[in-house]
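The values are calculated or read from the model by the stated rules, or taken from the named source; none is laboratory data. Bear in mind that the values here come from a model prediction, so they are computed numbers and not experimental data. Virtual Cβ from ideal backbone geometry, glycine too; neighbours counted across all protein chains shown.
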Amino acid sequence: MSLLLIRIDDRLLHGQVTQGWGSVLNPDRFVVANDTVAGNEWEREMYESSAPERVAVSIVTIAETGERVREWIEAGEDILLLIENPSDALELYRSGLTFDVLNMGGLHHRDGRTRILPYVCLDRNDVEALSALRDHGVTVECADVPNSERKDLFACLGSRENEI
């Protein structure tokens, strides 16, 4: 079927995703692409148990994501893909999992990050990865929940793009 949404959210799979985005997009499968979670049984179990029973949850490494997502789509599934950060999004794109739109849903404040929106804080590495995706023609839109206004990340950054 299709890749419904690729979302950057440092919390990965949580209620806002399962109930908010999940109820609007109705995916067959949530895919969490994260090397750390894929390698930790306790975290895998926690994320796998957080989705409604009707939706499958798969935890995969960044390296295996492209192939697995293509397999699930070819099998007729609609996928909502969750990644933790812009660098992982760029790595996925460069590995052949191409996409036109990337949703920024939650990169929260940490030391060294600049607040762009209440739910998006970026550091220099984030901006560089997102700029590289933009250079490949990817639209980076910010929307924390499905019914919120979609905002173009680079319009929100404005002149700060080179200052972060």
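Descriptive notes on the structure:
- Yes/no for Leu90 being of a type outside the set (Phe, Trp, Tyr), in contact with a strand residue (DSSP E or B) (Cβ under 6 Å, 6 or more places away or on another chain) and within 22 Å of Leu3 (Cβ to Cβ): no
- Test for Val31: is it among the aliphatic types (A, V, I, L, M) and crowded, with 21+ Cβ neighbours inside 10 Å: yes
- Within the range 104-140, if we keep just the residues that are of a type in the set (Asp, Glu) and closer than 15 Å to Glu161 by Cα, the residue that is surrounded by the fewest Cβ atoms within 10 Å (Cβ to Cβ) turns out to be Asp135.
- Some residue of the range 47-67 being in contact (Cβ under 8 Å) with a residue 40 or more places away in the chain, farther than 15 Å from Asp9 by Cβ, among the hydrophobic types (A, V, I, L, M, F, W, C) and crowded, with 17+ Cβ neighbours inside 10 Å: no
- Just one of the listed residues (Glu91, Glu141, Glu74) is under 20 Å from Val32 (Cα atoms), more than 13 Å from the chain's Cα centre (by Cα) and modelled with pLDDT of 95 or more, namely Glu74.
- Given (1) under 23 Å from Ser148 (Cα atoms); (2) modelled with pLDDT under 95; (3) assigned to a loop (DSSP other than H, G, I, E, B), index of the condition Asp111 fails: (1)
- Taking the numbered list (1) in contact with an Asp or Glu (Cβ under 8 Å, 6 or more places away or on another chain); (2) in a strand (DSSP E or B) in turn, Gly137 passes all entries but (2).
- Meets criteria (without any contact (Cβ under 8 Å) to a residue 60 or more places away in the chain, in contact with a Cys (Cβ under 9 Å, 6 or more places away or on another chain) and more than 25 Å from Val24 (Cα to Cα)) for His109: yes
- Selected residue [touching a residue at least 40 places away in the same chain (Cβ under 8 Å), out of contact with any Asp or Glu (no Cβ under 6 Å at 6 or more places or on another chain) and surrounded by fewer than 21 Cβ atoms within 10 Å (Cβ to Cβ)] from Gly96, Gly39, Gly76: Gly76
- From the options Arg11, Arg7, Arg54, residue that is of a type outside the set (Phe, Trp, Tyr) and more than 22 Å from His108 (Cα to Cα): Arg54
- Any hit, the range 3-13, residues being over 23 Å from Val101 (Cβ atoms) and of a type outside the set (Val, Ile, Thr): no
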